[in-house]
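A.B. asks: I'd like to ask some things about the structure below.
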Amino acid sequence: MPEQPYEPERAIAGTGMGGAMDLGASEAVTLEPTPAGPGVPRPVDRPRSLWSDAWRDLRRNPVFLLSALVILFLVLISLWPSAIASGSPLTCDLAKAQDGSAPGAPFGYDGQGCNVYTRTVYGARTSVTVGLCATLGVALLGSVLGGLAGYFGGIWDSVLSRVTDIFFAIPVVLGGLVLLSVVTSNTVWPVIGFMVLLGWPQISRIARGSVITAKQNDYVQAARALGASDARILLRHIAPNAVAPVIVVATIALGTYIALEATLSYLGVGLKPPSVSWGIDISAASPYVRNAPHALLWPSGALAITVLAFIMLGDAVRDALDPKLR
């Protein structure tokens, strides 16, 4: 039988009974949708991931939006406090000691005649700096040590577990009283270093457990079978899938570090005058709480709102990144 030439005008369609029949091009039905018009690209479905789903949930969460706005405001006044507060927080007038609200001083004056409003605004810079730097240091150190211990295991894992047990046995406030009492620096770095020293074991435990869970997945075994190095497996395959719990715990811990700095400054072992801190102002206003309660109320309220905002942000991030809560 001679071979028939191929005709583009015709199409072959199955009959559903094992045979086939010829259809004209005008009668054939294509299975692929055509674009709406000339030059219009066909829509492409982007693959969904944990991070894209989490960001979509966060944008719809009013708790996240409210806490994010408060934190954004704190960051802005930390960078440019002079934009909303005139004068220096170290300028005081004893003639105005314990006075109430006045023009230019809506929060009144403290026991030394300092403008409570100005000191409250400038105190945000110290709290945000300590919280962010301490959280970054703790997250980096704890993630590296815990991730390596969880991935390699063996003697390294056993040693790290015993070291973290020792650090967990040290009370944080008592450790701060002992370690920071011999420091004479007025900067924030000794306080940040102390928080990193005692805060990394918690992140280390979280990172270790997350890495142990992630390295048992099939894609990690496939990468190892293909000859991928340990560094590539850790950085390209395990870290992106094990970092979510670390982010959640670090976000919640950020508010805790801000409260810890205020506590240590209140006890006199954290930041010291002439540094400006909410803990220092709360400590200075405590003896005058009956005569000038406003000097204690405003820095305490600012501290409480800041800590609450970061805790609410951490809870929202946790709910978004935990697939079990969906």
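What follows is calculated from the coordinates using simple rules that are stated; it is not laboratory data. Small disclaimer: the values here were computed from a predicted structure and weren't measured. Neighbour counts are summed over all protein chains in view; Cβ atoms, including those assigned to glycine, are modelled from backbone coordinates with ideal geometry.
A.B. asks: I need the calculated FRET efficiency for the pair Ser101 and Lys272, taking r as the beta carbon distance and R₀ as 25 Å, to the nearest 0.05. Kindly include the intermediate steps, with their values, before the conclusion.
C.D. replies: Numbers: r = 29 Å, r/R0 = 1.15.
With a Förster radius of 25 Å, E is 0.30.
A.B. asks: Sticking with this one: Which order do peptides 266-272, 195-201 fall in by mean Cβ count within 10 Å, highest first?
C.D. replies: 195-201, 266-272
A.B. asks: Would you mind getting me the FRET efficiency between Leu136 and Trp55? Use the beta-carbon distance for r and R0 = 22 Å, nearest 0.05.
C.D. replies: About 0.55, to the nearest 0.05.
A.B. asks: Between Leu94 and Arg236, 0.36 nm times their residue separation minus their Cα-Cα distance comes to what?
C.D. replies: Once the chain is fully extended between Leu94 and Arg236, it gains 45.0 nm.
A.B. asks: Related question: Rounding to the nearest 20 debye, state how big the charge dipole of segment 73-227 is about its Cα centre with +1 on each Lys and Arg Cβ and -1 on each Asp and Glu Cβ.
C.D. replies: Magnitude of the dipole: close to 340 debye.
A.B. asks: Expressed in whole Å with the largest first, what are the equivalent ellipsoid semi-axes of segment 70-197 derived from the C-alpha gyration tensor as the square root of 5 times each eigenvalue?
C.D. replies: For segment 70-197, the semi-axes come out at 42, 18, 10 Å.
A.B. asks: Let me ask something else about it. So for the pair Ser229, Val289, with labels modelled 7 Å out along Cα→Cβ, what separation do we get in nm?
C.D. replies: 5.9 nm
A.B. asks: Evaluate E = 1/(1 + (r/R0)^6) for Gln221 and Val159, where r is the Cβ-Cβ distance and R0 equals 22 Å; express this FRET efficiency to the nearest 0.05.
C.D. replies: 0.25
A.B. asks: Okay, next question. Of the peptides 286-293, 302-309, how do they stack up when ordered by the mean number of other Cβ atoms within 10 Å, highest first?
C.D. replies: Ranking the peptides 286-293, 302-309 by packing returns 302-309, 286-293.
A.B. asks: On to the next question. Rg to Rh ratio, segment 181-326, alpha-carbon atoms and Kirkwood radius?
C.D. replies: Result for segment 181-326 is an Rg/Rh of 1.16.
A.B. asks: Taking Cα centroids, how far is segment 237-286 from segment 164-234 in Å?
C.D. replies: Using only Cα atoms to place each centre, the spacing works out to 17 Å.
A.B. asks: Now, a different point. From the Cα gyration tensor of segment 251-318, with a ≥ b ≥ c the square roots of its eigenvalues, which class applies: rounded if a/c is under 1.5, or else prolate if a/b is larger than b/c, or else oblate?
C.D. replies: oblate
A.B. asks: Using packing as a proxy for protection, rank 146-153, 72-79 so that the peptide with the highest average count of other Cβ atoms within 10 Å comes first.
C.D. replies: On the way: 146-153: 21.2, 72-79: 15.1.
Answer by packing, highest mean first, reads 146-153, 72-79.
A.B. asks: How large is the dipole of segment 150-253 about the Cα centre if only Lys and Arg carry +1 and Asp and Glu carry -1, each at its Cβ, rounded to the nearest 20 debye?
C.D. replies: Computed charge dipole of segment 150-253: roughly 180 debye.
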